[in-house]
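One structure is given below, encoded as structure tokens.
The values are calculated or read from the model by the stated rules, or taken from the named source; none is laboratory data. Since the structure is predicted, the reported quantities are computational estimates derived from the model, not experimental observations. Using ideal geometry, Cβ is built from the backbone for each residue, glycine included, and neighbour counts are taken over all protein chains shown. Only protein heavy atoms, including side chains, enter the accessible area calculation; ligands, DNA and RNA are left aside. Shrake-Rupley method; radii C 1.70, N 1.55, O 1.52, S 1.80 Å.
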Amino acid sequence: MTDMLSNRSRILIALSAVLLIGMFVLPIWRVFLDAPQYPEGIGMQIWINTVKGAKENDLENINNLNHYIGMKRIVPETIPELKLMPFIVGVLVAAGLGAAAVGKRRLAQAWVMTFLLIAVAGLADFYKWEYEYGHDLDMENAIIKVPGMSYQPPLIGSKQLLNFTATSIPGPGGYAAIIALGLGILALVTDRKGALSPDAAKKPAGVSSRALVA
């Protein structure tokens, strides 16, 4: 079994790395709030290096709502992950393209595994961020106080928070990352199947026979 990837798998790894560039130009995650007093809904979009309102004043409106229940303001400049993500994704893109160019199977495996671990760590960190915002409340200055109530939005899906329905879903950049990870895994799976196929197993024997005849 050769230690080199098939051309198809190298192309899939390269496509996977290129798709990650979408995280730089598209929102990664979106959180929306629906309530009777906001018939058009309000929301925010998480980009690779900032957080913006879905509409012009949405982030300010969300921060004003947070003030009523004692939640901290969402200030993008104070969130360290937004400073780290461009660097992490940039290195991941460069490493993926490098792994595709070199074509070594172990290098591609290491890249996909690193990609998977970063994705899991990113989701865990986002859950922790949501948890802290939803539970670390300033009850002394909160105007609306509901004993035992927390306001953590769902990691993914919808959840009722008082009279608001909070919905949290990936943005286009997040979907690009999910597809990229799927392509990376597909590259390794198809490469392994190709390497273990009967045709692949016969090739070394044929080469060996020709060498003996010569």
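Using the alpha-carbon atoms, what tilt in degrees (0 to 90, nearest 10) does helix 81-102 show relative to the longest principal axis of the chain?
Value to nearest ten degrees: 10.
Please identify every one of the trypsin sites (Lys or Arg not before Pro) in the stretch 1-82 that sits in a loop by DSSP and has no more than 16 other beta carbons within 10 Å of its own beta carbon.
Answer in residue order: Lys55, Lys72, Arg73.
Enter the mean projected area of the convex hull around the alpha-carbon atoms of the stretch 150-198, in nm², rounded to one decimal.
Computed as one quarter of the Cα hull surface, the answer is 5.0 nm².
Under the classification rounded if a/c is under 1.5, otherwise prolate if a/b is larger than b/c and oblate if not, where does the stretch 85-127 fall, given a ≥ b ≥ c as square roots of the Cα gyration tensor eigenvalues?
Taking the square roots of the gyration eigenvalues as a ≥ b ≥ c, the stretch 85-127 is oblate.
What FRET efficiency comes out for the pair Ile11/Ala95, r = Cβ-Cβ distance, R0 = 25 Å, nearest 0.05?
Efficiency for this residue pair is about 0.90.
State to the nearest 20 debye the size of the charge dipole of the stretch 81-131 about its Cα centre, where the only charges are +1 on K and R beta carbons and -1 on D and E beta carbons.
340 debye
When the dipole is taken about the Cα centre of the chain, and only Lys, Arg (+1) and Asp, Glu (-1) are charged at their Cβ, what size is it in debye, to the nearest 20?
Dipole size: approximately 1440 debye.
Which one, Ile42, Leu123, Ser158, is farthest towards the positive end of the dipole of the chain when Lys and Arg carry +1 and Asp and Glu -1 on their Cβ?
Leu123
Which value in nm describes the separation of the simple spin-label points at Tyr68 and Lys193, placed 7 Å from the Cα toward the beta carbon?
5.4 nm
Greater than 24 Å separation of Cα atoms is the criterion. Which listed pairs, Lys55/Lys128; Lys52/Lys145; Lys83/Lys104; Lys128/Lys159, meet it?
Checking Cα-Cα distances, Lys55/Lys128; Lys52/Lys145; Lys83/Lys104 exceed 24 Å.
In degrees from 0 to 90, rounded to the nearest 10, what is the angle of the helix 172-196 Cα long axis to the longest principal axis of the chain?
Taking the Cα atoms of the chain, the angle to 172-196 is about 20 degrees.
Given DSSP loops and a limit of at most 13 other Cβ atoms within 10 Å, what is the longest stretch of the chain that contains no such GluC sites (Glu not before Pro)?
It works out to 57-139.
In square angstrom, what is the accessible area per residue of the chain with a 1.4 angstrom probe?
58 Å²
Given that just one value was derived from the coordinates, which of [x] 44, 37, 35; [y] 89, 29, 27; [z] 85, 36, 31 is Cα extents along the principal axes in Å?
Read-out taken from this structure: [y].
Label-point separation (nm) for Gln160 and Val18, each offset 7 Å from Cα along Cα-to-Cβ?
It works out to 4.7 nm between the two label points.
Of all the accessible heavy-atom surface of the stretch 1-116, with the other protein chains kept in place and a 1.4 Å probe, what percent is carbon and sulfur?
Carbon-and-sulfur percentage of accessible area, whole number: 65.
Subtract the Cα-Cα distance of Ala119 and Thr78 from 0.36 nm times their separation in residues, and report this length gain in nm to one decimal.
The Ala119-Thr78 span can extend by a further 12.6 nm.
For the stretch 9-92, what does the convex hull of the Cα positions come to per residue, in cubic angstrom?
Here the figure is 113 Å³ per residue.
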